[in-house]
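To start, the structure under review is shown below, and the notes come after it.
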Amino acid sequence: MTADWTGRKIHFIGVGGAGMSGLALVCHRLGAEVSGSDRTESSYFERVQKAGAKTMVGHSEDNLPDFAEVVVSTAIGDDNPELSLARVRGQRVLHRSDLLAELCASKRTIAVAGTHGKTTTTGMLIWSMKKLGLDPAFFVGGELPSVGEDGEAANSGWGEGEWAIVEADESDGSFLVLDPEVAVVTNIEMDHHSRWNGLAELRAAFAEFTGKASAVALPVEEKELPGLLAGKDLVAFDLNRPGPESVELVVPGEHNLLDARAAIAALELAGIDGTAGAAALSDFPGVKRRLEFKGEAGGTRIYDDYAHHPTEVKASLTALRELDPERLIAVFQPHLYSRTKVFSQAFGAALAVADEVIVLDVYPAREEPVGPFEGVSGLDVLRATTDRSDGRTVFWAPDLEKAQAAAATRLGAGRILVTIGAGDITRLSDRLVQAGKEQS
């Protein structure tokens, strides 16, 4: 039984984030008095505001309610004025992962972790369980169409069923706070270099994550992951995993098929029929910003994708190749100086899958181009892409305006253009589609 949250006051610093907004919405749904602030508005911020929570743009001591518990993510610095005041007052401060663990404690939990594909795999589990009438609670780091109580897209929900489905984040190590019954690992690669010192340390953390669960689904190449306990139910999945279920998806790409295999394995470990789960995925629409079709402009199909690691970029471009475009145009915005410094050459190799590439400058998020990141820029990716382009066209367009101008000259019948990155590059896909509507 879920505890009654009526009477709790909870303030979210950074309420417009994908994870924070989902937690805020569920706490509000359970009866808590919820407030929150963020630097700017976003679709997530607006969803919390629409639900009836008190939201504020900008960070200020005036935003902080008396006696409220304060929830923060790793992105919130110690110099945040609301966080500083909360500590001076002695108000309870907790990390978002602690609140998530508290919510999940009242449910049987499936937690999905991994470097790539965890959002889509989590979305597939939510989609399947909902279609099978199991009404799960869920928390996912993206917007999944049609799963909200109002039939709209949602990133969280509090169903009356026994299960909670959770996307577990390894970027800051917070996935280790969770205590899942079923743990899913989609894959393990280095990505967040500012948190993990190397692959050995990261793999040890995943071993700790899986070690807590009574059942584990993981890729066949990770089946010897240390930390698996004797007697634990284990499913190792790959594209060729034998089973009665066949998987047919409307979303393209082998990476999506592999995510579906992970989701089906998790369902089976939860005691849910895998064949029924596979059938439920036949109309899975994908998560927003994961090869999301945005519309057309100048005869070109426009897609948007959140990929920000070389493996993800290559997988997304390879999937779009399956749609047989006359030309495939990639518009890429590197995310974080740290990631760009480590992966510029790998990004160049991944982007070479496209016929033409437009590269923007780095979206810095929380980082500054100082110290070890001094001199790092999108030009590093541009040069690496040019080296591997075999004569293909590669453009430098450091900001959204220049990228839009460059993209507008590349549109044509039968082509596909995809905007790629975890920053504000998604705005470019919207602009191109809107411009196409105005010109038609």
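Just one of (1) at pLDDT 90 or above; (2) out of contact with any strand residue (DSSP E or B) (no Cβ under 7 Å at 6 or more places or on another chain) trips up Val216, so point out which.
Evaluating Val216 over (1) at pLDDT 90 or above; (2) out of contact with any strand residue (DSSP E or B) (no Cβ under 7 Å at 6 or more places or on another chain) leaves (2) as the failure.
Report, by residue number, each residue of the stretch 179-215 that is closer than 18 Å to Ala101 by Cβ and either in contact with a Leu (Cβ under 7 Å, 6 or more places away or on another chain) or crowded, with 20+ Cβ neighbours inside 10 Å (or both).
Pro180, Val182, Ala183, Val184, Ala205, Phe206, Glu208, Phe209, Thr210, Gly211, Ala213
Is it the case that the stretch 224-234 has a residue that's at pLDDT below 90, over 24 Å from the mean Cα position of the chain (by Cα) and not in a loop (DSSP other than H, G, I, E, B)?
yes
Note down all Cβ pairs under 7 Å where the first residue falls in the stretch 12-38 and is part of a loop (DSSP other than H, G, I, E, B), the second is small (Gly, Ala, Ser), and they're at least six residues apart or on different chains.
Note: pairs meeting the criteria are Gly14/Ser73; Gly14/Ala75; Val15/Ser21; Val15/Ala24; Val15/Gly36; Val15/Ser37; Gly16/Ser42; Gly17/Ser73.
Taking only pairs six or more apart or across chains, which ones have beta-carbon atoms under 8 Å, a first residue in the stretch 338-350 that is in contact (Cβ under 8 Å) with a residue 12 or more places away in the chain and in the same structural domain as His308 (by TED's automatic domain parsing), and a second residue that is outside any helix (DSSP H, G or I) and charged (D, E, K, R)?
Ser338/Glu367; Arg339/Asp191
Exactly one of these conditions fails for Thr275: (1) within 30 Å of Gly412 (Cβ to Cβ); (2) out of contact with any Phe, Trp or Tyr (no Cβ under 8 Å at 6 or more places or on another chain). Give me its number.
(1)
Is there a residue in the stretch 398-413 that is within 14 Å of Asp305 (Cβ to Cβ), in a helix (DSSP H, G or I) and polar (S, T, N, Q)?
no
Among the residues of the stretch 260-284, how many are out of contact with any Leu (no Cβ under 8 Å at 6 or more places or on another chain) and part of a loop (DSSP other than H, G, I, E, B)?
2
Any chance the stretch 176-195 includes a residue that's outside any loop (DSSP other than H, G, I, E, B), in contact with a helix residue (DSSP H, G or I) (Cβ under 9 Å, 6 or more places away or on another chain), touching a residue at least 12 places away in the same chain (Cβ under 8 Å) and more than 22 Å from Asp238 (Cα to Cα)?
Among the residues of the stretch 176-195, at least one is outside any loop (DSSP other than H, G, I, E, B), in contact with a helix residue (DSSP H, G or I) (Cβ under 9 Å, 6 or more places away or on another chain), touching a residue at least 12 places away in the same chain (Cβ under 8 Å) and more than 22 Å from Asp238 (Cα to Cα), which makes the answer yes.
Suppose the filter is closer than 17 Å to Leu328 by Cα, among the charged types (D, E, K, R) and in contact with a Ser or Thr (Cβ under 7 Å, 6 or more places away or on another chain); does Glu356 pass it?
yes
What are the residues in the stretch 14-25 that are among the hydrophobic types (A, V, I, L, M, F, W, C) and closer than 10 Å to Ala51 by Cβ, if any?
Answer for the stretch 14-25, where residues must be among the hydrophobic types (A, V, I, L, M, F, W, C) and closer than 10 Å to Ala51 by Cβ: Ala24, Leu25.
Hey, can you tell me all the residues within the stretch 117-157 that are buried (at least 21 other Cβ atoms within 10 Å of the Cβ) and in a loop (DSSP other than H, G, I, E, B)?
Within the stretch 117-157, Gly117, Pro136, Val147 qualify.
Of Thr275, Thr311, which residue is surrounded by fewer than 18 Cβ atoms within 10 Å (Cβ to Cβ) and either free of Cβ contacts under 8 Å to residues at least 60 places away in the same chain or within 16 Å of the chain's Cα centre (by Cα) (or both)?
When all the criteria are applied, what remains is Thr275.
Within the stretch 317-340, track down each residue that is out of contact with any helix residue (DSSP H, G or I) (no Cβ under 8 Å at 6 or more places or on another chain) and within 26 Å of Ser43 (Cβ to Cβ).
Result: Leu320, His335, Leu336, Arg339.
For the stretch 287-322, enumerate the residues that are in a loop (DSSP other than H, G, I, E, B) and farther than 10 Å from Gly253 by Cβ.
Once the filter is applied, which keeps residues that are in a loop (DSSP other than H, G, I, E, B) and farther than 10 Å from Gly253 by Cβ, the stretch 287-322 yields Val287, Lys288, Arg289, Gly298, Gly299, Tyr306, Ala307, His308, His309.
Out of all the residues in the stretch 51-63, is one or more assigned to a helix (DSSP H, G or I) and buried (at least 22 other Cβ atoms within 10 Å of the Cβ)?
no
Restricting to the stretch 353-376, count the residues that are touching a residue at least 12 places away in the same chain (Cβ under 8 Å) and over 24 Å from the mean Cα position of the chain (by Cα).
Of the residues in that region, 6 qualify.
The values are calculated or read from the model by the stated rules, or taken from the named source; none is laboratory data. Please read these numbers as outputs of a predicted model, since none were measured by experiment. Note: ideal-geometry Cβ built from the backbone for every residue, glycine included; neighbour counts use all protein chains shown.
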